[in-house]
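Report on the following structure.
Just so you know, all these numbers are worked out from the coordinates, no wet-lab data involved. All figures in this text were calculated on a predicted structure; none of them were measured in a lab. Positions of Cβ are generated from backbone atoms using ideal geometry, with glycine treated the same way; all protein chains shown enter the neighbour counts.
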Amino acid sequence: MIIKLAGLFIGLVSFSLLIEVPKNFLVATGAVGAVGGLVFEACADLLQMGNVAASFFSALVVAFLSHMLARKFKAPVTLFLVAGILPTVPGAGMYRIVYSMIMEGSKLTGYYFVETIEIAGVIALAIFLMDSVFRVFKKGWRQKFMRS
């Protein structure tokens, strides 16, 4: 598990360099993605959840950490979110769809297609939910301080 975490961190820092994230945010983007990957592995392996549920909780944690770090560093949320969400994106599912279409004659194509769409949907839902939560609290904080 520690080797996976280190690999995730190094891979995400490398990806962050590739998309030209400023150097002072590299460790944070790697950490967000590594924590998201750790949550995915914990949900999928330890808690025996399916890939869809594990992806949801992983994306939820990544979105939460991205919002927190964006406020701490006064940077855009997407700076942390794009690199952090990478381990959760269903790239292998997309590969399996095409592979099963070509090699197996669509026996499992439908299954992989539905699973991939579900994972993409729960990732979008988790990001939307966390963004909404932060917007509600931000609006509440503004109203609280405006009364004083």
Next item on the list: Of the options Leu65, Val52, Ile127, report the single residue whose Cα projects farthest towards the positive end of the charge dipole of the stretch 2-138 (beta-carbon charges: Lys, Arg +1; Asp, Glu -1).
Entry: Leu65
Check: Which value, in Å³ per residue, describes the convex hull spanned by the Cα atoms of the chain?
Finding: 126 Å³
Notebook entry, point to check: Hey, what number do you get for the chain at 222 nm if only DSSP H runs of n ≥ 4 count, each worth -39500 (n - 2.57), divided across all residues, to the nearest 500?
Noted result: -27000 deg cm²/dmol
Checklist line | Dipole in debye (nearest 20) - the chain, about Cα centre, beta carbon charges: Lys, Arg +1; Asp, Glu -1 | finding: 1020 debye
Item checked: Proximal lysines to Lys23, defined as alpha-carbon separation beneath 30 angstrom and excluding residues fewer than eight positions away on the same chain -> Lys4, Lys72, Lys74, Lys138
Note to self: For a quick check, take a GNM of the chain with Cα springs below 10 Å and name the residue from Glu115, Glu41, Glu20 with the largest mean-square fluctuation.
What the structure shows: Glu20
Notebook entry, point to check: Based on the inverse mean of 1/r over its pairs of different Cα atoms, what is the Kirkwood hydrodynamic radius of the stretch 8-72, in Å?
Noted result: 12.2 Å
Notebook entry, point to check: Which is farthest toward the positive dipole end of the stretch 2-138 among Gly11, Val114, Ala75, measuring Cα position about the Cα centre, with Cβ charges +1 (Lys, Arg) and -1 (Asp, Glu)?
Noted result: Ala75
Note to self: Sorting check: for 76-85, 127-136, which peptide has the highest mean count of neighbouring beta carbons within 10 Å, and how do the rest follow?
What the structure shows: 76-85, 127-136
